[in-house]
Ligand SMILES: [Zn+2]
């Protein structure tokens, strides 16, 4: 029997669309993977409403980015793009089934909960699923999914309690922690470059907010801004309602 107290992954990043994880916390994911942490990405949708590219092309880009970052694995569900709903039982069931198999210690949602309705709804859906995953009285089946990095997901536990839940800090929000990604900034850019169909306006792609060169500049500006606060070149920021429990003074600097 699988021990339902031992995480199968250190961090699970939950995003509505392929590319959100890299845009929001690509540097943090790269930093953790470089230290041997088991990091998984979960996309809720195939991104089928995207202005450019079909789901297959987007999946191939996401797989390439996963390999650049060194992710342990990537899961893609088939929830409806454009209609992520924190109150939808079927959507919560799909996320619960994945959480019970990956058993994350940390769950982070990306990108920041702004603009796109799926981005607004994802933190709520993930938080609901993380709570419901603790209740052994509800055992939803694993929904259809695509998987990269492992031949299959681990067997599920009856219940799983995720220790820490956080989301990407909005531009005007207050970080709970700043992650120094200076040594991993280039890796984040390499991962983003995998998403040619989304972030590159060449090849006759339709113009969007995120394939405007100003968008990449905004990502860099923000990483530099959090970096200034952190006292490093680049940083990414996470916000959580939780607080750490300590029994000694933390060694990390406070800014
Ligand atoms: Zn998105």
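The values are calculated or read from the model by the stated rules, or taken from the named source; none is laboratory data. If you're wondering where the values come from, they're calculated on a predicted model, not measured in any experiment. As a convention, Cβ positions derive from the backbone with ideal geometry for all residues, glycine included, and neighbour counts pool all protein chains shown.
Would you confirm whether any residue within the range 13-26 is within 14 Å of the ligand (Cβ to nearest atom), surrounded by fewer than 20 Cβ atoms within 10 Å (Cβ to Cβ) and either within 18 Å of residue 195 (Cβ to Cβ) or at pLDDT below 95 (or both)? Scanning the range 13-26 turns up no residue that is within 14 Å of the ligand (Cβ to nearest atom), surrounded by fewer than 20 Cβ atoms within 10 Å (Cβ to Cβ) and either within 18 Å of residue 195 (Cβ to Cβ) or at pLDDT below 95 (or both).
I need the full set of residues from the range 82-121 which are within 14 Å of the ligand (Cβ to nearest atom) and under 16 Å from the mean Cα position of the chain (by Cα), in order please. Selection gives 84, 109, 110, 111, 112, 113, 114, 116, 118, 119, 120, 121. The residue pairs whose first member lies in the range 108-120 and is within 14 Å of residue 82 (Cα to Cα) and assigned to a helix (DSSP H, G or I), whose second member is modelled with pLDDT of 95 or more and within 9 Å of the ligand (Cβ to nearest atom), and whose beta carbons are closer than 6 Å, counting only pairs six or more residues apart or on different chains, are 118/16.
Residues in the range 190-208 that are more than 11 Å from residue 19 (Cβ to Cβ) and touching a residue at least 40 places away in the same chain (Cβ under 8 Å): 190, 205, 206, 208.
Among the residues of the range 95-113, just one is more than 20 Å from residue 29 (Cβ to Cβ) and in contact with a helix residue (DSSP H, G or I) (Cβ under 8 Å, 6 or more places away or on another chain), namely 96. Set side by side, the residues 67, 81 differ, and just one is assigned to a helix (DSSP H, G or I) and within 27 Å of residue 219 (Cβ to Cβ), which is 67. Annotation note: Cβ proximity below 6 Å between a residue of the range 51-62 that is over 9 Å from residue 197 (Cα atoms) and a residue that is loosely packed, with under 15 Cβ neighbours inside 10 Å (sequence gap 6+ or interchain) occurs for 51/206; 51/208; 55/48. The selection criterion, being within 13 Å of residue 195 (Cβ to Cβ), over 14 Å from the mean Cα position of the chain (by Cα) and more than 12 Å from the ligand (Cβ to nearest atom), does not hold for residue 34.
Residue pairs whose Cβ atoms lie under 7 Å apart, separated by 6 or more positions or on different chains, with the first residue in the range 14-30 and in contact (Cβ under 8 Å) with a residue 24 or more places away in the chain and at positive phi and the second more than 9 Å from the ligand (Cβ to nearest atom) and assigned to a loop (DSSP other than H, G, I, E, B), are 19/195. Only a single item in (1) over 15 Å from the mean Cα position of the chain (by Cα); (2) within 16 Å of the ligand (Cβ to nearest atom); (3) on the phi > 0 side of the Ramachandran plot is not met by residue 79, and it is number (3). Just checking, does the range 13-21 include any residue being touching a strand residue (DSSP E or B) at 6+ places or on another chain (Cβ under 7 Å), within 19 Å of residue 101 (Cβ to Cβ) and part of a helix (DSSP H, G or I)? Yes, some residue in the range 13-21 is touching a strand residue (DSSP E or B) at 6+ places or on another chain (Cβ under 7 Å), within 19 Å of residue 101 (Cβ to Cβ) and part of a helix (DSSP H, G or I).
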